[in-house]
Amino acid sequence: MGFTNTALSGMNAASKDLEILGNNIANSNTVGFKASRAEFADVYTGVAYGAGSSAVGTGVKLTRVQQSFATGNLSPTNNTLDLAINGSGFFVLSDNGSRIYTRAGQFKLDDNNNIVNGRGQNLQGIRQDGTFGSLNINTANINPRASTLVTAGVNLNSRTGAVSNPPSTTDIPYVTQPWTGGATPATTTYNNVTSSTIFDSLGNSHVLSMYFIKADPSATADPTVAGSDNQWYAAFQIDGQDVSNGATGGPNNADNLYSLNFASDGSFTGVSVPTGATASPGAGQLTLDHALTNGANNLSFTLDFNNSTQFGSPFAVQTLQDDGYTTGSLSGLQIDASGNIFGRYSNGQTPLLGQVQLANFPDPEGLENLGDTTWAETFASGQPLISGGGTGSLGTVVSGALEDSNVDLTSQLVALINAQRNFQANAQTIKTGDAITQTIINIR
């Protein structure tokens, strides 16, 4: 009788549903796991054309197992190489040369400093040389870089030289002695001082000291302090040694001084160099040269004062940056939302070491499930679109987090009860059919 086969198909369908639900529940704590659901369709066989509503169904069949690629919750971790995708996309892996895709971002460095998952599959992306392939972290020390540009933005107090009547402790008089330099310059020869660390070609650090002297409009006898109201002088030392301006004669050059000039609104207008001094490379800049005896190349760098001001407020260092650095060892990694991997080095440098690339598909549900929370491209999925995080339809990369399974345990347990009842109901259909058959046999 047909009802037996019909009920049997129902029991088979319920069994498949129970398998899928059981698999979802078993993987409710699997990182990057995507829940599946069974989709069924009714079966009509041997139906003549025109049977219409009088046709009797012959059971049910499983048409497909659909996966949901909805994003699971993101759980923070303490590992920089634990990665999650907030939104659409997949990490690209190389499995012995075959390209596969995953949402599970539990990565680490192997013994060759390749970024791999627990199964040794290589994370793919843009490498440091700009090519696409397996990401590798270069753990070698970075070479030192000699300083070539120091940017010094200072505010020089325009009230310098003003003395109240009666005198006040807040008065800032003009200097009382001309600049003489030396290892320990007298405090009466300058108004303000600041310092910065610079580096030579071997990565050795040196202290650049900058002394600022307000020009005195009333001074005539001493050319080292005479000047206009909006003029300052600057002298420089490296490791306590005076830096010569190379001048051979002329005004304001007697002791290696340079002129810093300001407008009446306090804005910086430029640097003046004495006659015969080292030429200025650009407006607001000057070049300093200093010989070394430690085996490194002589120091030669540009000093930029364009961010300086002369306002009626206390002396302040607003900007002090140097483009040189000593050698550095890798102390950590940092990965941003675009997947850019930056090395964090002991010398403060953070160079780009690579970029994690994400892939998306026209139809992710068409991917082939390979197990181990990985998928492979198929004709149905379409070709992958690969780019950095946050571009196009791709989600962003979250470092120090993992994506939880997107299984909703509550709904799965309810569905499990329904599948169990479906199985029992179909079994009851067979039991009832058997009783009817037995009755017919007994009549005969």
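Numbers below:
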{"item": "Flag if Leu62 is buried (at least 16 other Cβ atoms within 10 Å of the Cβ) and either at pLDDT below 75 or farther than 30 Å from Phe91 by Cα (or both)", "result": "yes"}
{"item": "Sole residue being surrounded by fewer than 18 Cβ atoms within 10 Å (Cβ to Cβ), outside the structural domain of Phe199 (by TED's automatic domain parsing) and in contact with a Lys or Arg (Cβ under 7 Å, 6 or more places away or on another chain), chosen from Asp372, Asp363", "result": "Asp372"}
{"item": "Ser329, sole failed condition from (1) in contact (Cβ under 8 Å) with a residue 24 or more places away in the chain; (2) farther than 26 Å from Gly130 by Cα; (3) small (Gly, Ala, Ser)", "result": "(2)"}
{"item": "Answer from Leu409, Leu394, Leu402 - the residue that is in contact (Cβ under 8 Å) with a residue 40 or more places away in the chain and more than 30 Å from Leu333 (Cβ to Cβ)", "result": "Leu409"}
{"item": "Yes/no for Phe199 being assigned by TED's automatic domain parsing to the domain that holds Leu93, out of contact with any Leu (no Cβ under 7 Å at 6 or more places or on another chain) and of a type outside the set (S, T, N, Q)", "result": "no"}
{"item": "Test result for Asp222, surrounded by fewer than 21 Cβ atoms within 10 Å (Cβ to Cβ), modelled with pLDDT under 90 and of a type outside the set (Lys, Arg)", "result": "yes"}
{"item": "Index of the failed condition, Gly392 passing every other in (1) touching a strand residue (DSSP E or B) at 6+ places or on another chain (Cβ under 8 Å); (2) surrounded by 12 or more Cβ atoms within 10 Å (Cβ to Cβ)", "result": "(2)"}
{"item": "Segment 151-176: number of residues that are more than 46 Å from the chain's Cα centre (by Cα) and under 27 Å from Thr269 (Cα atoms)", "result": "9"}
{"item": "Yes/no for Gly89 being touching a strand residue (DSSP E or B) at 6+ places or on another chain (Cβ under 7 Å) and touching a residue at least 60 places away in the same chain (Cβ under 8 Å)", "result": "yes"}
{"item": "Strands (runs of 3 or more DSSP E) fully within segment 277-392 counting 3 or more residues that are polar (S, T, N, Q) and under 28 Å from the mean Cα position of the chain (by Cα)", "result": "316-322, 352-360"}
{"item": "Top-ranked residue in segment 179-209 [being assigned to a loop (DSSP other than H, G, I, E, B) and out of contact with any strand residue (DSSP E or B) (no Cβ under 9 Å at 6 or more places or on another chain); ranked as nearest to Phe315 (Cα to Cα)]", "result": "Ala186"}
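The values are calculated or read from the model by the stated rules, or taken from the named source; none is laboratory data. From a predicted model like this one, the values you see are computed outputs, not experimental measurements. All Cβ positions, even for glycine, are placed from backbone atoms using ideal geometry, and neighbour counts span all protein chains on display.
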